[in-house]
Each structure stands twice: as C-alpha cells, then as structure tokens.
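A short write-up of the structure that comes next.
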Amino acid sequence: MPSAANILKRLKAMKILPVVAIRLTRMISDDTKSLQEFEEVIRLDPTLVLRLLKIVNSPFYALVSKVDSIAEAIAFVGMNNLRNMIAVDILKNTIKNDTVHTSFSRNNLWLHSAAVGICSQLISERVFEQKGDDAFLCGLIHDIGLIVEDQIEPELFIKVCDLYDLGGKQIDDCEREILGTDHTQIGFLIAKDWHLPVEVQDGIKYHHEIIDNVDPESIIGIIKISEYLVYRLNYAPFPNMKSILPKSLIKHMQASIKDYKAIAMDLPDELKKADALFSMDQE
C-alpha cells in the first residue's frame, strides 16, 4: 500500500501541479522576499497574470479604478489574498477535467471545497471577528488529498469509492483500508511542503478527527463547524456525508445559533459573489 509520503513523492515527480504557483506559495511564507521578486516570478506564468488581473478587477473586490499591473494588483489584494488566489489556481489546474464515479465527481469536490473555504472565512470574520484568510485557505484545500489520490492512484481510488458506496463506512476509513493512508494525511504533507501556516496544516490533518474540547475559535474548530454546515446545505463531495461534532463545538454553535443560521442562509449568495474567483473559465 502506498504511504502518504510516497504519494506526495510521486505527485512531485509527475509534475501535475503548476511549478510557478507552488514556488509563489512557498515564497509568501518568506518575509524577506520583495514585491519585485514576486512580480518576476508571476510573469513566468502568463495565465496566472491574466487570472490575477481579472480577479482583482472583478466585482468581488469592487475597486473604483481598474488595475492593470502585477505590482499594483499584489498591493491591492495583499500577500495572504495572493496566496489564496494561487491556491485556487493550483486546485483548478488539477481538477479541471471532471471524472465521474457513481459517488464522486471532481466538480462536486470543487464546489464543496469552495463552499467550505467561504463558509470558514464567514465564521472566522462574523462569529470570532478575526481575519479569515487562513480559515479560507484551509477550507479551500482541506480535501486536496482526495484530488491527489484520484490523480496518482486512480484505480485504487475507484476501489475506495466502491467501498464507500456499499455504505456503513466513512470515506477516510475506506481510504485507509484500500490505500493505507487517507486524504487528511496527504493534504497535511502537501500543506507542509508548501510552507503554509502550522494552523492550516493542522486544520487539514484533523478535520475528520473526533477530538474532545476543540477550541471553536481555532482553525480546526472552524473547519469542523464549516463542514457540518456545508454538508447540511448539500455541498458534499460524496453522497450522504455527515460531520460529527464534539460536544464543545455543539455547545458553541447552540450559543451562537443566530450567527450560524445567518451564515447558512448567506452562503449560496456568497458563492455567487465569488464566482470570478472560483469559475472554471480560465479566459
């Protein structure tokens, strides 16, 4: 059975993920890098340049005047938003050609990832009144391991889906039985390799773990709550998926039920508003 580390090694060897985007993601964690260095690297990928300028000038950012330079675009969105945009492009590059199994399609996974990313940001900002950049990023890529499994081990991944279709087991249990690892471990190693914040790494690693006394304000807590809401709104990557919340998170949600009901009601509109960011149209 392939280990998570072995799958990551093969992923790098196959060069499925865009090299420039990953290089930029690692650079963002380095405070010594200059704006000029970022601009020089971004120029190596003309498609990324077009995407960046298109998104910055979209209704999502609602800027008064048009931005037409890379440096100006970076200055407007900031490094964290740049990192998140790059993460979106990395996923799009990997997921763009849909494959459909009886219980799985890449398009459904993409919609789920977008929904969890935006929901996590809303929870972070509205409920806890803190910046939602890292929560968004973690929610967006929390299931990247599933995409990688589908790419690197397609035959075994189909067996994982077949086993899940039989019912009675969670998807990560099926992965461990067939693959010997699961998407949380693979995603954790990818986040670590990209030099993402430790909190983001942990949010990916533990989003399926049943952990008592989870701090609701932590990224782990936020991702768990977000998945719970997103599943209930039918944005699931697989049919009949459920999220089991620990008592600490249930108690927190009950105390803030009005906030969470509002987030659940607003999420579909927030997804539409972010269409320029998540649209599969690369032009």
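Measure off, as a whole percent, the carbon and sulfur share of the 1.4 Å-probe accessible area of region 124-188, all protein chains present. All intermediate terms of the calculation are to be shown ahead of the outcome.
Details: 1130 of 2450 Å².
About 46 percent, which is the carbon plus sulfur part of the accessible surface.
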Exercise for review: Report the extension gain between LYS15 and ALA264 in nm, rounded to one decimal, defined as 0.36 nm multiplied by the number of residues separating them, less their alpha carbon distance.
Suggested key: 85.9 nm
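For region 184-256, state which GluC sites (Glu not before Pro) are in a DSSP loop and have at most 16 other beta carbons lying within 10 Å of their beta carbon. Each step should come with its number before you reach the end.
Details: sites: GLU199, GLU209, GLU217, GLU227; in loops: GLU209, GLU217.
Sparse-neighbourhood loop GluC sites (Glu not before Pro): GLU209, GLU217.
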Revision key, fill the gap. Length gained, GLN36-ASP212, 0.36 nm per residue minus C-alpha separation, equals 58.8 nm
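Given charges of +1 on the Cβ of Lys and Arg and -1 on the Cβ of Asp and Glu, with all other atoms neutral, how large is the dipole of region 177-283 about its Cα centre, in debye to the nearest 20? Before the final figure, lay out each step's value.
On the way: 11 positive and 17 negative charges, 98 e Å.
Computed charge dipole of region 177-283: roughly 480 debye.
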Review point. What ratio of Cα Rg to 2.2 N^0.38 Å holds for region 1-101?
Key: 1.22
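In region 1-44, which trypsin sites (Lys or Arg not before Pro) are in a loop and have at most 12 other Cβ atoms within 10 Å, using DSSP for the loop call? Walk me through the intermediate numbers first.
Values: sites: LYS9, ARG10, LYS12, LYS15, ARG23, ARG26, LYS33, ARG43; in loops: LYS15, LYS33, ARG43.
Listed in order of number, the matching sites are LYS15, ARG43.
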Point to revise | Distance between region 138-204 and region 1-31 - C-alpha centres, whole angstrom | key: 15 Å
**Study point:** TYR228 accessible area, 1.4 Å probe, all protein chains in place, Å² to nearest 10
**Key:** 70 Å²
Check your understanding: For the charge dipole of region 72-139, defined by +1 on Lys and Arg C-beta atoms and -1 on Asp and Glu C-beta atoms about the Cα centroid, which residue among ILE123, VAL77, ASN108 has the Cα displaced farthest towards the positive pole?
Key -> ASN108
Exercise for review: Mind checking which of GLY168, GLY139, LEU249 is farthest towards the positive end of region 125-283's charge dipole, using Cβ charges of +1 (Lys, Arg) and -1 (Asp, Glu) about the Cα centre?
Suggested key: LEU249
Review point. Net charge near GLU153, counting Lys/Arg +1 and Asp/Glu -1 over other residues with Cβ under 14 Å of its Cβ?
Key: -3
**Study point:** Proximal lysines relative to LYS54, as straight alpha-carbon distance under 30 Å, when same-chain residues fewer than 8 apart are discounted
**Key:** LYS12, LYS15, LYS33, LYS66, LYS92, LYS96, LYS131, LYS192, LYS272, LYS273
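Name the shape class, rounded, prolate or oblate, that the alpha-carbon gyration tensor gives for the chain, where a ≥ b ≥ c are the square roots of its eigenvalues, rounded holds for a/c under 1.5, and otherwise prolate holds if a/b is larger than b/c and oblate otherwise.
Numbers: a/c = 1.66, a/b = 1.20, b/c = 1.38.
Cα axes put the chain in the oblate bin.
Region 28-71: which GluC sites (Glu not before Pro) are DSSP loop and have at most 16 other beta-carbon atoms within 10 angstrom? Display every interim value, and only then the final one.
Values: sites: GLU37, GLU39, GLU40; in loops: none.
Answer by residue number: there is no such site.
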Review point. Once the Cα gyration tensor of region 150-249 is found, what semi-axes does its equivalent ellipsoid get, as square roots of 5 times the eigenvalues, in whole Å, sorted largest first?
Key: 23, 18, 11
Study note, to complete from the structure: Measuring from its Cα centre, the chain shows a charge dipole (+1 at each Lys and Arg Cβ, -1 at each Asp and Glu Cβ) which, in debye to the nearest 20, is 140 debye
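The values are calculated or read from the model by the stated rules, or taken from the named source; none is laboratory data. Everything quoted here is computed from the prediction, not taken from an experiment. In this analysis, Cβ positions are derived from the backbone assuming ideal geometry, glycine residues included, and neighbour counts consider all displayed protein chains. What goes into the accessible areas is simple: the full protein's heavy atoms, side chains included, and nothing from ligands, DNA or RNA. Shrake-Rupley method; radii C 1.70, N 1.55, O 1.52, S 1.80 Å.
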